[in-house]
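Quick note: the coordinates plus some simple rules give every number you see, no bench work behind them. Note that this is a predicted model, so its numbers are computed, not measured.
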Amino acid sequence: METYTESISEKLNDLLEKTYDAEKGFKQAAENVKETKLKTFFESKAAERYNFGHELKTEIKSFGQEVDKGDSLTSKAHRAWMDLKAFFSSDNDEAMLEEVIRGEKAAIEEYNEILAETALPPTTLEILTRQRDIIQKELAVISNLEHTS
């Protein structure tokens, strides 16, 4: 029978994998855009997700659980799609922004699902709420970048 902490850790490990996927996706986006402002923005988002990942790892370890490491098949496919879209798109920057927006909306949904379905310890609740709120705030910035690029 799965314990409460194992259940939470499993959900956090899933989120951790997606966080690292997002970090790699932002690095990929930074490589594919031409505009310096976008490149810098995507690089900062990659660093942010790196930090999110370490927070999640620390929280998982605080429950005495193992941290799963990996690169999901879905993320590899998404990054390949970003490369392909960049290759065939006449406006790489806009194509990358569209993919990033799609990914950020999916991340917010993931955070909301975990926050809604589980009675979380206060530290976990604080971490997840803060990270989700940062992503939501940055989504508005990304959307504005899309309209100005």
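Explain nothing, just compute: Karplus ³J(HN,Hα) = 6.51 cos²θ - 1.76 cosθ + 1.60, θ = phi - 60°, for every residue of the range 17-22 in order, whole Hz, x for Gly and Pro.
Result, rounded to whole Hz: 4, 5, 5, 5, 4, 5.
From the C-alpha coordinates alone, can you work out the Kirkwood hydrodynamic radius of the range 1-56, in Å?
Details: mean 1/r = 0.0819 Å⁻¹.
So the Kirkwood estimate lands at 12.2 Å.
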